[in-house]
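What follows is calculated from the coordinates using simple rules that are stated; it is not laboratory data. Being a predicted model, the structure only gives us computed values, none of them experimental. Every residue, glycine as well, gets a Cβ built from its backbone with ideal geometry; the counts of neighbours run over all protein chains shown.
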Amino acid sequence: MKKVFMTLAVALMGFTAVNAQLVLGGDLGLSGAAGTATKNDGDLKYKGNSSFNFTFAPKAGYLFNDGKMEAGAAISLGYNQIMSYVVLKDHKAAKNMKDPNFTIYFTPYYRYYFLQKGNFSFGVEADLSFGSSFGLKNKYYEYDETLDGVSRSKEQADKMNDQAKEDKKFEKAKVLAWQIAIAPVAKYDLTDHFYVDVTLNALALYVGGDKTSYNFKSTELGKGGQEIKFSQSNFNGGLRIANHDYIKLGFAYKF
């Protein structure tokens, strides 16, 4: 029996060496929203939050079974921020606060191309992502008097930024998340060695969850700067109709 397993292992290694192609590449994601604006008689009364998201995920994998299958892993590095606004007396929107975050995820993936037509291949990608996100220091801006009669001077903004810097020494919010997803994917071979692809995350079936842990210094209720810790967990799943990373563009070189 031992000889049988050894024979099968050697055969599998030989099959992989002959049929597999090493793939090195990555995925790029870039998206954002300008924020909704509400006007009344031509005057700006409200401006919603704007957002910016950027991800880069270098990957390594193998193409095998005559290019019908691909398996590998990627490391996704991301930056995202939300910008909030206030409306000034002259009805112009001014920056209020920037809330930035950094994310890092490890993602093993598997692809199966069920249709190959010329240089095009169409299939599905299944992946498992797990990683974390970290909040960076908020930035507050100065602005003139607003419609509500609230003002913030440069000195006040500097003081709030200094306080935000101090808060980050105590606030240690960490998000640990995981997700399993299946999404449509299309690949186009530009040459015998180079291809580009598009993954439609907006149509992905997924299930996932996250746990957020907080550790911050509180002065509420006379606690006198007491350090407080707590955590919360979430679980979700379904059809991802909309997502900030709804289209993922990729490229790779086949050796």
(request) Please work out the C-alpha center-to-center distance from the stretch 73-103 to the stretch 32-53 and express it in whole Å. (result) 13
(request) Round to the nearest 0.05 the FRET efficiency obtained for ILE180 and PHE251 when R0 = 35 Å and r is the Cβ-Cβ distance. (result) 0.90
(request) Only loop residues by DSSP count here, and only those with at most 15 other Cβ atoms within 10 Å; note down the trypsin sites (Lys or Arg not before Pro) in the stretch 32-105 that meet that. (result) LYS68, LYS89, LYS92
(message) Sort THR107, THR212 by Cβ crowding within 10 Å, fewest neighbours at the top.
(response) THR212, THR107
(request) Can you check what the net charge comes to around ASN65, using other residues whose Cβ is under 15 Å from the Cβ of ASN65 (Lys, Arg +1; Asp, Glu -1)? (result) +2
(request) May I ask you to sort VAL150, VAL124 by Cβ crowding, counting other Cβ atoms within 10 Å and putting the fewest first? (result) VAL150, VAL124
(message) Net charge around PHE106, counting only other residues with Cβ within less than 12 Å of its Cβ (Lys, Arg = +1; Asp, Glu = -1)?
(response) 0
